[in-house]
Amino acid sequence: MLLYGASGHAKVIISCLHASRTSVEAIFDDDLRKESLLTIPVIGPYQTDYESNAPLIVAVGDNAIRHRLTQTVRHPYGIAIHPSAQVDSSVQIGAGSVVLHGAILQADTRIGSHVIINTGASVDHDCAVGDFAHVAPGAVLCGGIRVETGALIGAGAVICPNLNIGKWAIVGAGAVVIRPVPDYAVVVGNPGRIIKLNKTA
Ligand SMILES: CC(C)(COP(=O)(O)OP(=O)(O)OC[C@H]1O[C@@H](n2cnc3c(N)ncnc32)[C@H](O)[C@@H]1OP(=O)(O)O)[C@@H](O)C(=O)NCCC(=O)NCCS
């Protein structure tokens, strides 16, 4: 595998890949001061003509930056699923996505491209998680939830069944969402309430 982004999130993806006996060949990063990450060479900015048979994952936690970086990538994308994740056989997972340690994906759920299902997150039956979304560590999506493109479900948040979380919305850490969340809304608390709009998307 090739990674793009030598961040803390990349360390977790490397751990995930190593656990599934997939080696990481090299990491691209725009920061020229970075030389290696967990002993893997960091080889500078992304090169469209870098010769390799390995697929690539954009290993950046920020949804908007991950989205921007994919616009330049020409290599095919890989997928990383930690062996401790429990993924029902009916689940579909798009290119460039990662399902990290201990995550659970239940029946008939669809995960888009370049999605992060982070450590210990739980996504129940019949959910749809859009491209570039991030379900952070320990978050819980009940059944039938739709998470639109680029939304962040913060660590430990709970989303009640059959709700829609709008594109590039942010659900704060620990929030309990009981109503649909509009596009770009930032929601915190229990019950979740909108405090502002996400202007970074
Ligand atoms: C919701 C969030 C995005 C807001 O961040 P921000 O835009 O920097 O907002 P601020 O820190 O200025 O907080 C704004 C207000 O919301 C409150 N607030 C922020 N996050 C909150 C949260 N998770 N739960 C409850 N209240 C929260 C603040 O106390 C503040 O209240 P005040 O105006 O009464 O003082 C952020 O706090 C958060 O929860 N991010 C999710 C992080 C996460 O889980 N990442 C995954 C990493 S793997």
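Key figures
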item: Residue with peak Gaussian network fluctuation, the chain [Cα springs, cutoff 10 Å], from Pro182, Pro191, Pro41; result: Pro191
item: Estimated distance in nm for a label pair at Ser84 and Asp31, the labels positioned 7 Å out from Cα along Cα-to-Cβ; result: 2.6
item: Potential lengthening between Ala107 and Ile195 on full extension [0.36 nm per residue; Cα-Cα distance subtracted]; result: 28.3 nm
item: Amide N proximity, the range 115-129 versus Leu38 label position 7 Å along Cα-to-Cβ, cut-off under 19 Å; result: 115-121
item: The range 80-191, accessible area per residue, ligands and nucleic acids excluded (1.4 Å, Å²); result: 36
item: Accessible surface, 1.4 Å probe, highest first, among residues Glu148, Glu25, Glu51; result: Glu51, Glu25, Glu148
item: Angle between the chain longest axis and helix 8-19 axis [Cα atoms, degrees, rounded to 10]; result: 80
item: For the range 1-125, share of DSSP beta bridges that run antiparallel, in % to the nearest 5; result: 10
item: Under 19 Å from the Ala173 label point (7 Å along Cα→beta-carbon), backbone N, the range 118-136; result: 118-122, 134-136
item: Whole-Å distance, taken between Cα centres, linking the range 69-94 and the range 131-195; result: 21
item: The range 96-174: relative contact order as a whole-number percent, Cα under 8 Å and 6+ apart; result: 22
item: Candidate lysines - alpha carbon under 17 Å from Lys34, same-chain residues fewer than 8 apart omitted; result: Lys11
item: Highest-fluctuation residue, Gln92, Gln71, Gln47 considered, GNM on the chain with Cα pairs under 10 Å; result: Gln71
item: Global form of the range 2-70, assessed from the alpha-carbon gyration tensor, a/c cut-off 1.5; result: rounded
item: Largest-first ellipsoid semi-axes for the chain, taking √(5λ) over the Cα gyration tensor eigenvalues, angstrom; result: 29, 18, 14
item: GNM flexibility winner over the chain from Gly166, Gly156, Gly44 (Cα, springs under 10 Å); result: Gly44
item: Relative contact order of the chain, defined on C-alpha pairs under 8 angstrom at six or more residues apart (%); result: 11
item: Dipole in debye (nearest 20) - the range 140-199, about Cα centre, beta carbon charges: Lys, Arg +1; Asp, Glu -1; result: 140
item: Reach of Lys196 by Cα under 25 Å, taken over lysines that are not fewer than 8 positions away in the same chain; result: Lys167
item: Inter-probe distance in nm under a simple model that places probes 7 Å from Cα toward Cβ, at Gln71 and Gln92; result: 2.7
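The values are calculated or read from the model by the stated rules, or taken from the named source; none is laboratory data. The model shown is predicted, which means the values in this text are computed figures rather than measured ones. Every residue, glycine among them, receives a Cβ derived from its backbone with ideal geometry; neighbour counts consider all protein chains shown. Only protein heavy atoms, including side chains, enter the accessible area calculation; ligands, DNA and RNA are left aside. Shrake-Rupley method; radii C 1.70, N 1.55, O 1.52, S 1.80 Å.
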